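Enquirer: Would you mind keeping the following structure in view while I ask a few things?
The values are calculated or read from the model by the stated rules, or taken from the named source; none is laboratory data. What you see is a predicted model; the values in this text were computed from it and never measured. Counting neighbours? That spans all protein chains shown, and the Cβs are built from the backbone with ideal geometry, glycine included.
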Amino acid sequence: MAKELVRVLVTGAAGQIGYALVPMIARGVMLGSDQPVILHMLDIPPAAEALNGVKMELVDAAFPLLKGVVATTDVVEACTGVNVAVMVGGFPRKEGMERKDVMSKNVSIYKSQASALEQHAAPNCKVLVVANPANTNALILKEFAPSIPAKNITCLTRLDHNRALGQISERLNVQVSDVKNAIIWGNHSSTQYPDVNHASVKTPSGEKPVRELVKDDGWLNGEFITTVQQRGAAIIKARKLSSALSAASAACDHIRDWVLGTPEGTWVSMGVYSDGSYNVPSGLIYSFPVTCHNGDWKIVQGLAIDEFSRKKLDLTGAELSEEKELAYSCLS
Ligand code: NAD
Ligand code: LMR
C-alpha cells in the first residue's frame with residue numbers, strides 16, 4: 001500500500017542550503033525512497049522570484065516522489081499541515097562575523113515563526129533548526145511555541161558529527177561508513193566538544209576504539225578537536241559562503257534517523273532539549289549522543305566522562321547559557 005503523503009517545510013528555501021536540500025528531499029534522501037512528499041518552501045518577498053525559479057526546477061526535475069510544491073512568502077500558508085519543518089531561513093554568517101553577530105537578526109525570526117508553526121503545523125510536527133545560532137534559535141522557537149512538545153524541537157549538530165567521522169576516516173585511511181559513535185557535545189559553535197572517547201572503527205578483526213587505532217592522544221585532544229570546531233569557518237574562508245551541500249546532507253541524515261531510527265549499536269548527535277543528563281544545565285538546546293526509535297530520540301546514558309571532557313562539556317554549556325541570555329535581551 002502507498003505510504004501517506006508527508007509535508008515537509010523548508011524555510012529559506014531560495015538560499016544556498018535550500019537549493020541543495022529540496023532536491024535531496026524530493027529524491028527520498030530524507031524520508032526514504034518509498035515516501036511521497038509535498039514540499040512547502042518559504043522565503044521572504046525579496047527572494048520570491050528566486051523561490052519561484054527553484055519551484056520551476058523542481059517541476060523540471062520530474063521527481064517521482066514529489067507530489068506537490070507550495071512556494072510562498074506567507075508563513076501561515078508555508079506552515080499549514082506540515083509534518084516536518086526544516087528551519088533554514090535567516091541570515092548566514094559571513095567572513096569575519098562571529099556567530100553572536102547574527103543572533104539579533106535571527107532570534108526574532110524564530111520567535112515569530114514559532115507561533116505560525118504552533119498554530120498551523122500538523123500535530124506532532126518534527127522541527128529541525130539549521131539557521132544559526134542553531135541551538136539558541138531552536139530554544140527560542142521552543143519557548144514561543146509552548147504547545148509543541150519540547151521533544152519535537154531539535155537543532156542541527158549532525159554536520160559537526162559527520163565532520164568528526166570524516167576527520168577520523170581521513171586520518172586512519174578507512175571508509176567513513178566504518179567509523180561510528182563520535183559525539184558532538186553542546187553548541188553548534190567553536191566551543192562544541194567533538195569527543196571520540198567512545199567512537200570505534202569496524203576492522204577485519206572486529207570493532208576497535210578510535211583511540212587505540214589513532215595512537216596519538218595529542219592529535220585527538222588537540223588538532224582533531226579544533227579542526228572540527230573550526231570547520232564551518234574554514235569553509236566560509238574557502239568558499240566565501242557557508243557550507244551548503246554538507247549542511248543539506250546532514251539535515252537529511254538528522255531527520256532520516258529521527259523518523260526511521262538509528263542502526264542498532266549506533267548513536268548520532270542531535271541538539272535536543274536538555275534534561276540535566278551528564279550534569280548539563282536543563283533548559284538549553286544542547287547537543288547529546290542520541291539513539292532514535294519509533295520516531296523518538298533518547299539521550300544515550302551512562303557514558304564515562306573524564307576530567308578533560310567534563311571541562312569541555314561545561315564550557316560549551318556556559319556559552320549556551322550566555323547565548324540564551326543574549327537572545328532574550330535581543331528580543332526585549
Ligand atoms: P542563505 O543566505 O543562502 O539563505 C538563507 C535564506 O533565508 C535566504 O534565501 C533568505 O532570503 C531567507 N530568509 C531570511 N529571512 C527569512 C525569513 N524570515 N523567513 C524565511 N526565509 C528567510 O544562507 P544559507 O547558506 O542557506 O544558510 C542558512 C542558515 O543556515 C544560516 O543561518 C547559516 O549560518 C546556517 N548554517 C547552519 C549550519 C548548521 O550545521 N547548523 C550549517 C551551515 C549553515
Ligand atoms: C557551519 O558549521 O558550516 C555553519 O554553521 C557556518 C558557521 O556559521 O559556522
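Enquirer: Suppose we filter the range 9-30 for residues that are surrounded by fewer than 24 Cβ atoms within 10 Å (Cβ to Cβ) and in contact with a strand residue (DSSP E or B) (Cβ under 6 Å, 6 or more places away or on another chain); how many remain?
Expert: 1
Enquirer: Take the conditions outside any strand (DSSP E or B), without any contact (Cβ under 8 Å) to a residue 12 or more places away in the chain and under 20 Å from G96 (Cα atoms) and apply them to A238. Does it pass? Before you say what the answer is, go through the steps one by one.
Expert: Numbers: outside any strand (DSSP E or B): yes; without any contact (Cβ under 8 Å) to a residue 12 or more places away in the chain: yes; under 20 Å from G96 (Cα atoms): yes.
Yes: the conditions hold for A238.
Enquirer: Looking at the range 153-170, is at least one residue within 14 Å of ligand 1 (Cβ to nearest atom), closer than 30 Å to S332 by Cα, surrounded by 22 or more Cβ atoms within 10 Å (Cβ to Cβ) and hydroxyl-bearing (S, T, Y)?
Expert: yes
Enquirer: Please work out which one of (1) within 23 Å of A134 (Cβ to Cβ); (2) surrounded by fewer than 19 Cβ atoms within 10 Å (Cβ to Cβ); (3) without any contact (Cβ under 8 Å) to a residue 60 or more places away in the chain is the condition H40 fails and give its number.
Expert: (2)
The rows are residues; the columns are (1) within 11 Å of ligand 2 (Cβ to nearest atom); (2) more than 21 Å from the chain's Cα centre (by Cα); (3) under 18 Å from N187 (Cβ atoms); (4) surrounded by 12 or more Cβ atoms within 10 Å (Cβ to Cβ).
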position: L220; (1), (2), (3), (4): no, yes, no, yes
position: I225; (1), (2), (3), (4): no, no, yes, yes
position: Q229; (1), (2), (3), (4): yes, no, yes, yes
position: G232; (1), (2), (3), (4): yes, no, yes, yes
position: S243; (1), (2), (3), (4): yes, no, yes, yes
position: A247; (1), (2), (3), (4): yes, no, yes, yes
position: A250; (1), (2), (3), (4): yes, no, yes, yes
position: H254; (1), (2), (3), (4): no, no, yes, yes
position: G261; (1), (2), (3), (4): no, no, no, yes
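Enquirer: How many residues are surrounded by 15 or more Cβ atoms within 10 Å (Cβ to Cβ) and either closer than 24 Å to D257 by Cα or in contact with a Lys or Arg (Cβ under 6 Å, 6 or more places away or on another chain) (or both) if we restrict to the range 171-206? Even if it seems obvious, please write down each step before you answer.
Expert: Filtering the range 171-206 for residues surrounded by 15 or more Cβ atoms within 10 Å (Cβ to Cβ) gives 171-172, 174, 178-201.
Next cut, either closer than 24 Å to D257 by Cα or in contact with a Lys or Arg (Cβ under 6 Å, 6 or more places away or on another chain) (or both) only: 174, 178-189, 192-201.
Selection size over the range 171-206: 23.
Enquirer: Just checking, which of W185, W219 is within 20 Å of R310 (Cα to Cα), modelled with pLDDT of 95 or more and part of a strand (DSSP E or B)? Spell out how you get there, then give the answer.
Expert: On the way: W219 fails: part of a strand (DSSP E or B).
On inspection, the qualifying residue turns out to be W185.
Enquirer: May I ask you to list the residues in the range 202-216 that are assigned to a helix (DSSP H, G or I) and more than 26 Å from the chain's Cα centre (by Cα)?
Expert: R211, E212, L213, V214
Enquirer: Quick one: in the range 304-332, of everything that is among the aliphatic types (A, V, I, L, M) and out of contact with any helix residue (DSSP H, G or I) (no Cβ under 8 Å at 6 or more places or on another chain), which residue is nearest to T191 (Cα to Cα)? I'd like the intermediate steps shown before the answer.
Expert: Start the filter on the range 304-332 by keeping residues that are among the aliphatic types (A, V, I, L, M), which leaves 304-305, 313, 315, 318, 320, 326-327, 331.
Imposing the further condition that a residue be out of contact with any helix residue (DSSP H, G or I) (no Cβ under 8 Å at 6 or more places or on another chain) reduces the set to 304, 315, 318.
Values: A304: 20, L315: 7, A318: 10 Å.
Applying the filter and picking the extreme gives L315.
Enquirer: Among the residues in the range 284-295, are any outside the structural domain of L21 (by the TED database), more than 30 Å from D34 (Cα to Cα), out of contact with any Ser or Thr (no Cβ under 8 Å at 6 or more places or on another chain) and of a type in the set (V, I, T)?
Expert: Looking for residues that are outside the structural domain of L21 (by the TED database), more than 30 Å from D34 (Cα to Cα), out of contact with any Ser or Thr (no Cβ under 8 Å at 6 or more places or on another chain) and of a type in the set (V, I, T), one finds none in the range 284-295, hence no.
Enquirer: Sticking with this one: Can you tell me which of D275, D296 is touching a strand residue (DSSP E or B) at 6+ places or on another chain (Cβ under 9 Å) and of a type in the set (D, E)? Full working, then the answer.
Expert: Values: D296 fails: touching a strand residue (DSSP E or B) at 6+ places or on another chain (Cβ under 9 Å).
Within the list D275, D296, the selection yields D275.
Enquirer: If you don't mind, there's one more thing I want to ask. Can you tell me which residue among L165, L159 is within 16 Å of ligand 2 (Cβ to nearest atom), touching a Ser or Thr at 6+ places or on another chain (Cβ under 7 Å) and either in a helix (DSSP H, G or I) or in contact (Cβ under 8 Å) with a residue 40 or more places away in the chain (or both)?
Expert: None of the others qualify; the one that does is L159.
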